[in-house]
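The values are calculated or read from the model by the stated rules, or taken from the named source; none is laboratory data. Given the structure is predicted, the values throughout are model-derived calculations rather than measurements. All Cβ positions, even for glycine, are placed from backbone atoms using ideal geometry, and neighbour counts span all protein chains on display. Heads up: the accessible areas ignore ligands, DNA and RNA and are worked out on the full protein's heavy atoms, side chains in. Shrake-Rupley method; radii C 1.70, N 1.55, O 1.52, S 1.80 Å.
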Amino acid sequence: MWQAWSGWPPARKRLAVLAAAGVAVALGVWSWVSRPQFVPLYSRLDVEEAARVVQALQQAGVPYRLTGAGTTVEVPRDRVYAARLQLASQGLPRSGGVGFELFDRNNFGATELVQRVNLHRALAGELVRSIETLEAVESARVHLAIPEDRLFQDETTSPSASVVVALRPGASLSSGQVRAIRHLVASSVEGLSPERVTVVDTRGRLLSAGQEDPSGANAAQLGEREQVEAALQQRVQGMLDQVLGPGRAIARVSADVDFSRRQVEQESFLPDQRAPTSEVTVEESYAGRGGLPPGGPATVSVPSYAQAPPAASGSEYRRRESRTTYQVTRRVERAVSVGGIRRISVAVLVDRRVPPAAVQALEAAVAAGVGLDRRRGDVLVVQTVDLPAGTEEPAATARVPTPTGRTGLAPWVLTGAAAAAAVLVAAVVLLVLRRRRRARAVTVETLQPAPVPPPPAPEPEEDEEERVLRALREREESREAAVRRELQRMAQERPADIAAVIKSWMAEK
């Protein structure tokens, strides 16, 4: 083989080396693409929890890989969901704590204190599992402070709770989600109010309104104020960008919001309007033969009775009394007023290249756009400054996780790249071979000037008889040539018959 290689010309050797290198590169790319791609199965696990997960994967025969200092377990992409289901059937991972399955096994020897502690553990574990279902929450811990029941009511204290959440990278909890977590915890514990639930994150930031802000506003009120400021600022900035172009003006808005609630009750009487509320009518009658009884009819209990004079037999007594009670019309009005915006401060920085007339027009437009009211102390400041090019605020781009955890490219992209590399190598090899063939086929020859033959002499004109005789001779010659070719063909195909004919000719002679 070495002799054959030595006998090859240098061009062929270079072509063979290039083809071998191309095939090696294509095989390397294909093997790198076709090997399994590992994706995270579970991340940020404890050492004990990671050990249990790895042991379960080894027993199931699932290939795995540890990253992140042993806190992240990765498996092949096509087996990640099956592995999670299989581990979930075994109760792994257990980092979220235990739930009410703690009471699946009866422990008759447990004391009342142990049962109460287990109940608190199970309740906290169930709350952790519920909170971790939120998309932005990666893990959570719940601490419950539930006091014991007391004999006297004045000795009891209210329960409280605290929640610590670890958010996913780039995620955040809105004020509505924080309120939902507080109400979830409060509704799960008897006697717990949402105001006594505190929510913090792993960075130490207070996310709930369980603690008041030094300025007097809680977290929910601060979030509402930020929403008002963001809405007004977006309105002003959008108007400036459409008029002047992006990057030629900057707007900032600060709002003082009143969060107080007032309830006003007003009661008024209408003396001109009255309505009867009750009416009583009393009628009495008496007829008899004797006189009235001594003392008169009910004179002792009813002073209004008139003393009737003594009468003869056959006397008669009648009385009618009517009483009506009227009530003056009364009107009661109750109004609940919610605080609003107390004051707005707007600052606008405009590029100095903008004409002054346009700046004045923009000042009036901004004042009308945000609803500026000078009477309540609103302030609008517009200044011209030198803004560098590209001053506009970059928009926040969402980080989209790539489908592969190693290179960020889809598998079909890598496969296409490998196929393209192979095609490119084949095209280079074919191009070199074609050029070599063309180089061999083309020969360079030096052209010599060929002598120009003299023009043929004009033939003498023939008469009619000579032309006829020449045509007859050519016809005979062509006939003899045809007979000769036919005899040669027969001699090749039937040599025995031709030999017998020649022998008969010779015998006749």
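Residues in the stretch 234-291 that are within 49 Å of the chain's Cα centre (by Cα) and either open to solvent by less than 40 Å² (accessible area, probe 1.4 Å) or within 30 Å of A347 (Cα to Cα) (or both): 28 in all. Looking only at residues that are polar (S, T, N, Q) and more than 19 Å from the chain's Cα centre (by Cα) in the stretch 149-174, which one is most open to solvent (accessible area, probe 1.4 Å)? Looking at residues that are polar (S, T, N, Q) and more than 19 Å from the chain's Cα centre (by Cα), I get Q153. All conditions in (1) among the polar types (S, T, N, Q); (2) in contact (Cβ under 8 Å) with a residue 40 or more places away in the chain; (3) open to solvent by 60 Å² or more (accessible area, probe 1.4 Å) hold for Q55, with the sole exception of (2).
Among residues of the stretch 255-266 that are polar (S, T, N, Q), those with a beta-carbon under 6 Å from a residue that is part of a strand (DSSP E or B) and modelled with pLDDT under 80 at least six positions away or on a different chain give the pairs Q263/V336. Counting only residues that are small (G, A, S) and exposed (fewer than 12 other Cβ atoms within 10 Å of the Cβ), the stretch 12-33 holds 4 of them. Restricted to the stretch 205-233, and to residues there that are open to solvent by less than 50 Å² (accessible area, probe 1.4 Å), of a type outside the set (S, T, N, Q) and more than 27 Å from the chain's Cα centre (by Cα), the residue that is modelled with the lowest pLDDT is G210.
Return yes or no: is A186 open to solvent by less than 60 Å² (accessible area, probe 1.4 Å), touching a Ser or Thr at 6+ places or on another chain (Cβ under 8 Å), part of a helix (DSSP H, G or I) and under 27 Å from L222 (Cβ atoms)? Spelling it out, A186 is indeed open to solvent by less than 60 Å² (accessible area, probe 1.4 Å), touching a Ser or Thr at 6+ places or on another chain (Cβ under 8 Å), part of a helix (DSSP H, G or I) and under 27 Å from L222 (Cβ atoms). Among residues of the stretch 321-337 that are under 20 Å from S278 (Cα atoms), those with a beta-carbon under 6 Å from a residue that is among the hydrophobic types (A, V, I, L, M, F, W, C) and open to solvent by 70 Å² or more (accessible area, probe 1.4 Å) at least six positions away or on a different chain give the pairs V328/F269; R330/F269. Out of all the residues in the stretch 70-83, is one or more of a type in the set (S, T, N, Q), assigned to a strand (DSSP E or B) and either open to solvent by 70 Å² or more (accessible area, probe 1.4 Å) or in contact with a Pro (Cβ under 7 Å, 6 or more places away or on another chain) (or both)? Yes, there is a match, as at least one residue in the stretch 70-83 is of a type in the set (S, T, N, Q), assigned to a strand (DSSP E or B) and either open to solvent by 70 Å² or more (accessible area, probe 1.4 Å) or in contact with a Pro (Cβ under 7 Å, 6 or more places away or on another chain) (or both). A357 falls short on exactly one of the conditions (1) free of Cβ contacts under 8 Å to residues at least 12 places away in the same chain; (2) surrounded by 11 or more Cβ atoms within 10 Å (Cβ to Cβ), and that condition is (2).
The numbered conditions (1) open to solvent by 60 Å² or more (accessible area, probe 1.4 Å); (2) over 30 Å from R352 (Cβ atoms); (3) touching a helix residue (DSSP H, G or I) at 6+ places or on another chain (Cβ under 7 Å); (4) touching a residue at least 40 places away in the same chain (Cβ under 8 Å) are all true for Q177 except (3).
Across the stretch 120-148, the qualifying residues are those that are closer than 12 Å to S188 by Cβ and in a strand (DSSP E or B), and the one among them that is least open to solvent (accessible area, probe 1.4 Å) is V142.
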